[in-house]
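Notes to accompany the following structure.
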Amino acid sequence: MIVNTELELKGNLFPTKIIDYKKDVDTLYFTTENNVVLELTILRDSVLRFRYATTGNFEKDFSYAITKYASRGYNFLKIEEDKNLYKVITSKLICEISKENLRISLFDAKDLSLINEDEIGFHWEESYEFGGDIVKMSKTSHDGESYFGLGDKPVKLNLKGQRFQNWVTDSYAYGKNTDPIYKSIPFYTGLNNNKAYGIFFDNTFRTYFDFAQERRNVTSFWAQGGEMNYYFIYGPQMSDVVANYTDLTGKPHQLPPLWALGFHQCKWSYYPESKVKEITQKFRELKIPCDAIYLDIDYMDGFRCFTWNKDYFPDPKRMVSELEEDGFKTVVIIDPGIKIDKDYSVFKEALEKDYFCKRADGPYMKGKVWPGECYFPDFTNPEVRDWWSSLFKELIEEIGVKGVWNDMNEPAVMEVPNKTFPNDVRHDYDGNRCSHRKAHNIYGMQMARATYQGLKKYAYPKRPFVITRSAYSGTQRYTSTWTGDNVATWEHLWIANIQAQRLAMSGYSFAGSDIGGFAEQPHGELFTRWIQLGVFHPFCRVHSSGDHGNQEPWAFDEDVTNIVRKFIELRYQLLPYLYTAFWQYADEGIPMLKSLVLFDQDDVHTHYRTDEFIYGDKILVCPIIEPNAKGRRMFVPRGKWFNFWTDKIVKGGKEMWVDADIDSIPVFVKEGAIIPKYPVQQYVDEKEIERVTLDVYYKEGKENSMFYDDAHDGYDYIKGRYSLRTFKLTGKPKQLIIQQHKEGKYTAAYETFLVKLHGLPFKVTKIEIDNVLIPLSEVKMNGDNSMIVDKNFTELHIIGTK
Ligand code: GLC
């Protein structure tokens with residue numbers, strides 16, 4: 001049922017005039033003559049919550065998305081009233097509420113400009129079929145306004161002119177513009193007059209978003225049940241909007257172990273054990289770095305979760321530990337469908353304890369997945385989640401598996417037209433019993449959460465690592481994600497790029513695609529181009545379906561293998577930089593990938609760019625997404641950038657041609673950046689790092705860079721055993737000064753940095769470290785402008801002549 005928002009639509013109801021106003025600490029209540037109540041909560045100076053009840057009564061306030069750790073508190077709050085309106089004033093926002101019809105207008109508190117306003121605003125229809133309301137909101141859309149976000153939609157970045165729905169769906173071989181697919185992230189950022197605001201519609205029913213498609217000047221969103229309940233987040237910087245949304249719905253609860261940021265190899269399926277070993281040995285033999293090997297459903301006994309096929313894997317514990325000795329972490333798949341089999345302990349226990357989902361009229365929810373007929377645990381019940389988490393004890397604690405991959409958790413059901421549970425299935429919803437209409441979009445999230453709880457418990461004192469296919473807002477607190485069953489086509493390479501960027505600007509940075517494509521087989525060129533992009537995604541895994549040939553880095557030809565190795569090595573060299581970006585994401589909610597609009601919203605040219613993105617905060621990447629390319633045209637954002645491969649400096653703010661034959665892709669480094677690098681390793685912590693390289697890119701002016709480090713696993717960093725270095729670079733015509741500020745109690749094994757200077761416009765004549773003159777010979781100044789410096793320097797002063 002597509003509900004449209006047109007006024008003419010019969011049956012729409014609207015709030016009438018306000019007759020009562022009450023205030024309770026940070027929450028205001030406005031009641032209309034027809035008994036509509038607007039509950040307006042001031043969470044922060046720039047974050048307001050709007051919630052509407054159509055009968056005077058609100059439902060119990062409960063959300064899976066909002067984290068208890070969300071920041072709250074504002075600096076300033078004043079409420080004014082005049083003949084026509086109420087005015088709620090914070091230090092960042094002015095919110096006007098019309099007494100006539102409850103319509104909202106929001107203004108910047110500083111320059112009084114209009115940011116966002118209701119068109120009809122809140123309205124609703126009664127849902128005769130299901131009960132409750134179909135709740136709707138419409139906002140004015142301006143001509144130059146752009147829209148971004150909504151999770152994994154495989155469409156161009158700017159959402160304007162399109163309509164979407166959120167209903168998580170198993171989408172094998174989806175394509176450009178398929179909607180909906182695996183995730184429901186009902187959050188978008190609007191950008192108008194260079195001011196960004198966000199709207200998070202926290203409603204788990206099937207939701208719709210129309211970005212000026214139905215009517216040119218209207219953007220609307222609505223849900224097939226529940227409440228109109230949305231958060232308005234003001235920027236004006238888009239990066240602040242995303243960071244505040246991430247604060248609200250949660251940052252990752254801990255950093256991933258560093259190996260999870262390495263390269264991962266997967267296939268449906270590697271079995272038996274000898275095949276797994278053959279693959280891992282080949283990685284080592286060919287010296288292609290790799291940290292994790294995945295087991296897909298065939299490792300199980302008849303696809304029963306938490307069992308092993310002993311013909312293929314006679315001694316999983318031994319195998320897992322042998323793989324680990326060789327630097328490979330084993331990650332296994334776990335699906336939600338539990339095979340109906342009275343001799344299967346997981347099934348028996350769940351049945352006895354009454355943990356399976358049931359239909360409205362009583363029978364169990366029965367559906368076909370890989371094992372045949374299955375029942376499905378109700379992960380929305382906290383007791384079921386606890387039980388599920390306990391099932392991981394053997395797998396993780398005993399056998400030594402290091403990560404779990406949750407799949408089919410939309411939940412996917414085979415051979416039925418709607419691909420999932422029927423609407424009437426009942427769920428606990430943490431004590432707020434409801435039907436599948438409300439629980440569908442969060443079912444996968446709650447499964448991932450329960451799995452995460454299990455790994456957190458049994459991997460301790462190591463950090464957990466979980467991947468999920470389905471997600472709702474907030475899932476980023478628990479797990480990483482991938483973009484599902486894509487296809488080995490050039491179009492899908494474009495989609496992978498868009499999805500990773502879009503997920504990052506939807507609060508979900510730890511994401512990646514099935515590199516090379518899941519369905520069908522790529523040829524060597526496509527695989528190479530995909531690897532060249534994939535190594536710049538926070539989650540980096542090759543995966544493919546079993547029936548379409550091999551997809552390992554050596555499955556093509558030697559040239560491909562060599563280029564792929566070079567790019568995977570680059571990922572390993574950049575691990576300290578990527579880890580720092582992850583720390584910034586986990587600490588402040590800053591997206592690890594930044595679309596150009598998020599990086600430089602003041603330049604309108606960025607609003608329609610899709611291919612280029614910033615990896616971390618200093619490296620610009622633009623994939624090659626066409627066959628036979630020797631390079632491409634791309635937009636380089638404002639400022640000066642160093643070509644990563646040649647050190648040639650380009651001035652941005654415009655489109656340009658960049659050479660990139662098959663062994664290269666356009667990568668640029670922002671001037672002034674200091675990039676920490678490790679030596680190449682075959683897997684994380686293979687070697688004790690003896691020296692970290694700092695690539696320093698000269699800039700006339702100032703630039704700050706960070707380098708975060710810790711033990712790469714475990715929780716000591718939370719107790720202060722981390723090291724955070726901030727480098728302040730100041731470049732002058734004949735000088736370069738780098739000041740270092742250190743924080744944290746972690747001491748890494750390495751004692752020195754290899755400082756490599758790029759683009760120095762002068763010849764070095766003098767070097768001072770912490771005000772002491774150092775003879776050039778002593779710092780081993782090489783011809784290529786590099787020198788070895790004690791890692792604890794506070795000021796490095798490089799002086800020269802023209
Ligand atoms: C689903 C997953 C895919 C997996 C397959 C078999 O299609 O998306 O990644 O390999 O199931 O488990």
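A few comments on the model shown:
- Residue within the range 519-538 that is within 13 Å of the ligand (Cβ to nearest atom), assigned by TED's automatic domain parsing to the domain that holds Tyr472 and buried (at least 23 other Cβ atoms within 10 Å of the Cβ) present: no
- Selection from the range 474-493 of residues that are surrounded by fewer than 24 Cβ atoms within 10 Å (Cβ to Cβ) and in a strand (DSSP E or B): Val487
- Check on Lys317, within 16 Å of the ligand (Cβ to nearest atom), surrounded by fewer than 20 Cβ atoms within 10 Å (Cβ to Cβ) and basic (Lys, Arg): no
- Taken over the range 542-568, residues that are more than 10 Å from Thr528 (Cα to Cα), of a type in the set (Asp, Glu), modelled with pLDDT of 95 or more and open to solvent by 50 Å² or more (accessible area, probe 1.4 Å) amount to 2.
- For the range 344-361, the criterion of being within 32 Å of the chain's Cα centre (by Cα) and within 16 Å of the ligand (Cβ to nearest atom) is met by no residue.
- Filter result (within 16 Å of the ligand (Cβ to nearest atom) and part of a loop (DSSP other than H, G, I, E, B)) within the range 266-288: Cys266, Lys267, Trp268, Ser269, Tyr270, Tyr271
- Filter result for the condition that a residue is within 16 Å of the ligand (Cβ to nearest atom) and either open to solvent by 10 Å² or more (accessible area, probe 1.4 Å) or farther than 18 Å from Val404 by Cβ (or both), over Ala471, Ala504, Ala496: Ala496
- The range 374-403, residues that are over 15 Å from Val346 (Cβ atoms), surrounded by fewer than 23 Cβ atoms within 10 Å (Cβ to Cβ) and charged (D, E, K, R): Glu383, Glu397, Glu398
- Residue match in the range 572-590 (condition: outside any helix (DSSP H, G or I) and over 15 Å from Gln532 (Cα atoms)): yes
- Considering the range 764-791, the residues that are among the acidic types (Asp, Glu) and open to solvent by 70 Å² or more (accessible area, probe 1.4 Å) include one that is modelled with the lowest pLDDT, namely Asp784.
- Where strands (runs of 3 or more DSSP E) sit wholly within the range 133-238, those with at least 3 residues that are buried (at least 22 other Cβ atoms within 10 Å of the Cβ) and in contact with a strand residue (DSSP E or B) (Cβ under 6 Å, 6 or more places away or on another chain) occupy 133-140, 146-149, 187-192, 195-201, 207-211, 218-223, 228-234.
- Residue match in the range 404-417 (condition: surrounded by 24 or more Cβ atoms within 10 Å (Cβ to Cβ), in a helix (DSSP H, G or I) and within 16 Å of the ligand (Cβ to nearest atom)): no
Table: residues versus (1) under 30 Å from Lys651 (Cβ atoms); (2) at pLDDT 95 or above; (3) open to solvent by less than 70 Å² (accessible area, probe 1.4 Å); (4) among the β-branched types (Val, Ile, Thr).
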position: Asp695; (1), (2), (3), (4): yes, yes, yes, no
position: Asn704; (1), (2), (3), (4): yes, yes, no, no
position: Phe707; (1), (2), (3), (4): yes, yes, yes, no
position: His712; (1), (2), (3), (4): no, yes, yes, no
position: Tyr717; (1), (2), (3), (4): no, yes, yes, no
position: Gln735; (1), (2), (3), (4): yes, yes, yes, no
position: Gln739; (1), (2), (3), (4): yes, yes, no, no
position: Phe762; (1), (2), (3), (4): yes, no, yes, no
position: Phe793; (1), (2), (3), (4): no, yes, yes, no
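The values are calculated or read from the model by the stated rules, or taken from the named source; none is laboratory data. Just so we're clear, the structure is a prediction, and the values are computed from it rather than from any experiment. Methodologically, a virtual Cβ is constructed for each residue, glycine included, from the backbone with ideal geometry; neighbour enumeration extends over all protein chains shown. Surface areas here come from the heavy atoms of the whole protein model, side chains and all, with no ligands, DNA or RNA. Shrake-Rupley method; radii C 1.70, N 1.55, O 1.52, S 1.80 Å.
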